[in-house]
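Novice: I'd like to ask some things about the structure below.
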Amino acid sequence: MRRNIGLFFAGLIAALFITIPLNNAEAATSYTVQKGDSLYLIGKAYGVSVEELQQANDITGTVIYVGQALTIPTADNNNIHTVVEGDTLYLIGVEYGVDYQEIIRLNNLNSTEIYPGQQLRLPSTDITSRGNATTTPTEPSTGDVSPEEFDLFARIISAEAQGEPYNAQVAVGAVVLNRVASADFPNTITDVIYEKSYGFYQFSPVENGFINTPATDSAINAAKDALSGNDPTNGAIYFFETAVTTNKFLLARPVATQIGAFTFSY
């Protein structure tokens, strides 16, 4: 009996060594197949050939299915970005000249939230160094917002979230824009910022005058990022300081996310 068990485990170990390509295992990573994928497209994105993918995954044909886990045989460090403080997927995409939605897809992300130290694979480009892509990145657009309204928008972000992580600054801007899009609030950035409820301004920096302080460079970039569609809150229309607020109305709202010192809610 013991001899049979020993032979079983010996055979199992041998099978594992046969099915895993040893020359690729060290540098391998994993990718989950999604709708519309093909070995060609995946290989193009990761900078490997179809043949290399077939060899790494013991595939003889080109048929793959949604949800299948594929081993990517090589890891090109030029196509990996390590997240630093202040990064967003949108800004990383702009920096490397790639679509941030493609970064989401390649890394199997379920949201736009990222954290410092996280390693993200990038769509294959002729990247030679950080910030130097073959395509010319475009600056985030301010859209149809006038220079005066954009300045006000950046100032409310600066006044509300100065000193907070960059993602929190973008999130504050997103809340303003989400209110503009909501039927429950005014339909312009200026009117949202200066709105009063029960005799009080909705944003305390308007009440205390801090909104008149010039916006920081970080807030200006966050305003551009928010106007370009980046919303770390996924649609929140309220935010408050998590450790300070006692407002029962705000505390009762469904929570969207927490970023820095703020809680964002619906």
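The values are calculated or read from the model by the stated rules, or taken from the named source; none is laboratory data. Source: prediction; values computed, not measured. Here the Cβ positions follow ideal geometry from the backbone for every residue, glycine too, while neighbour counts run over all protein chains shown.
Novice: Within the stretch 119-161, track down each residue that is at pLDDT below 80 and in contact with a Lys or Arg (Cβ under 9 Å, 6 or more places away or on another chain). Spell out how you get there, then give the answer.
Specialist: So in the stretch 119-161, the residues at pLDDT below 80 come out as 121, 123-144.
Passing the criteria: Pro123, Ser124, Glu139, Pro140, Ser141, Thr142.
Novice: Report yes if some residue within the stretch 191-212 is farther than 21 Å from Tyr266 by Cα, touching a residue at least 40 places away in the same chain (Cβ under 8 Å), surrounded by 12 or more Cβ atoms within 10 Å (Cβ to Cβ) and among the polar types (S, T, N, Q); otherwise report no. It would help to see each step written out before you state the result.
Specialist: Keep residues of the stretch 191-212 that are farther than 21 Å from Tyr266 by Cα, which gives 199, 205-212.
With touching a residue at least 40 places away in the same chain (Cβ under 8 Å) added as a condition, the list becomes 205-206, 210-212.
Subset that is surrounded by 12 or more Cβ atoms within 10 Å (Cβ to Cβ): 205-206, 210-211.
Narrowing further to those that are among the polar types (S, T, N, Q): none.
No, the stretch 191-212 has no match at all.
Novice: Oh, and also: What about Thr263, is it in a strand (DSSP E or B), within 30 Å of Ile104 (Cα to Cα) and in contact (Cβ under 8 Å) with a residue 24 or more places away in the chain? Let's see the steps before the verdict.
Specialist: Details: in a strand (DSSP E or B): yes; within 30 Å of Ile104 (Cα to Cα): yes; in contact (Cβ under 8 Å) with a residue 24 or more places away in the chain: yes.
Yes; evaluated as a whole, the condition is true for this residue.
Novice: Any residue at all in the stretch 234-253 that is within 19 Å of Glu164 (Cβ to Cβ), more than 27 Å from the chain's Cα centre (by Cα) and not assigned by TED's automatic domain parsing to the domain that holds Tyr100? If you could, list the steps in order and put the result at the bottom.
Specialist: Taking the stretch 234-253 as the starting set, the residues that turn out to be within 19 Å of Glu164 (Cβ to Cβ) are 234, 236-245, 250.
When the remaining residues are screened for being more than 27 Å from the chain's Cα centre (by Cα), the result is 244-245.
Going one step further and asking which of them are not assigned by TED's automatic domain parsing to the domain that holds Tyr100, we end up with 244-245.
Scanning the stretch 234-253 turns up at least one residue that is within 19 Å of Glu164 (Cβ to Cβ), more than 27 Å from the chain's Cα centre (by Cα) and not assigned by TED's automatic domain parsing to the domain that holds Tyr100.
Novice: Now for a different question. Going by the structure shown, is Thr257 polar (S, T, N, Q), assigned to a strand (DSSP E or B), in contact (Cβ under 8 Å) with a residue 60 or more places away in the chain and in the same structural domain as Ala154 (by TED's automatic domain parsing)? Walk me through it before giving the result.
Specialist: On the way: polar (S, T, N, Q): yes; assigned to a strand (DSSP E or B): yes; in contact (Cβ under 8 Å) with a residue 60 or more places away in the chain: yes; in the same structural domain as Ala154 (by TED's automatic domain parsing): yes.
Answer is yes for this residue.
Novice: Here is a further query. Please tell me if Ile157 is in contact with a helix residue (DSSP H, G or I) (Cβ under 8 Å, 6 or more places away or on another chain), outside the structural domain of Val83 (by TED's automatic domain parsing) and closer than 26 Å to Val84 by Cβ. Steps first, answer last, please.
Specialist: On the way: in contact with a helix residue (DSSP H, G or I) (Cβ under 8 Å, 6 or more places away or on another chain): yes; outside the structural domain of Val83 (by TED's automatic domain parsing): yes; closer than 26 Å to Val84 by Cβ: yes.
In short, yes.
Novice: Something else about it: Note down all Cβ pairs under 7 Å where the first residue falls in the stretch 143-164 and is of a type in the set (Ser, Thr, Tyr), the second is at pLDDT below 95 and in a loop (DSSP other than H, G, I, E, B), and they're at least six residues apart or on different chains.
Specialist: Ser158/Thr213; Ser158/Ala215; Ser158/Thr216
Novice: Something else: Take Glu95 and tell me if it is modelled with pLDDT of 80 or more, out of contact with any helix residue (DSSP H, G or I) (no Cβ under 7 Å at 6 or more places or on another chain) and in a helix (DSSP H, G or I).
Specialist: Here the answer is yes, as Glu95 does meet what is asked.
Novice: Could you grab the pairs with beta carbons closer than 9 Å, sequence gap of 6+ or different chains, first residue in the stretch 29-43 and surrounded by 11 or more Cβ atoms within 10 Å (Cβ to Cβ), second one acidic (Asp, Glu)?
Specialist: Final answer for the pair search is Tyr31/Asp37; Gly43/Glu51; Gly43/Glu52.
Novice: Return a yes/no flag: does the stretch 19-26 have any residue that is modelled with pLDDT of 75 or more and charged (D, E, K, R). Quick ask: steps written out before the conclusion?
Specialist: We begin by selecting, within the stretch 19-26, every residue modelled with pLDDT of 75 or more; these are none.
Checking the stretch 19-26: not a single residue is modelled with pLDDT of 75 or more and charged (D, E, K, R).
Novice: Quick check: anything in the stretch 63-83 outside any strand (DSSP E or B), within 15 Å of the chain's Cα centre (by Cα) and either modelled with pLDDT of 80 or more or of a type in the set (A, V, I, L, M) (or both)? So that I can check it myself, show each step before the final result.
Specialist: Pass one, the stretch 63-83, residues outside any strand (DSSP E or B): 63-68, 73-79, 83.
Those left that are additionally within 15 Å of the chain's Cα centre (by Cα): 83.
Those still in the list that are either modelled with pLDDT of 80 or more or of a type in the set (A, V, I, L, M) (or both) too: 83.
Yes, because at least one residue in the stretch 63-83 is outside any strand (DSSP E or B), within 15 Å of the chain's Cα centre (by Cα) and either modelled with pLDDT of 80 or more or of a type in the set (A, V, I, L, M) (or both).
Novice: Further question on the same structure: Out of Asn230, Asn234, Asn247, I need the residue that is surrounded by fewer than 17 Cβ atoms within 10 Å (Cβ to Cβ) and under 25 Å from Tyr100 (Cα atoms). Which one? Full working, then the answer.
Specialist: Numbers: Asn230 fails: surrounded by fewer than 17 Cβ atoms within 10 Å (Cβ to Cβ); Asn247 fails: under 25 Å from Tyr100 (Cα atoms).
Asn234 is the lone residue from the list that is surrounded by fewer than 17 Cβ atoms within 10 Å (Cβ to Cβ) and under 25 Å from Tyr100 (Cα atoms).
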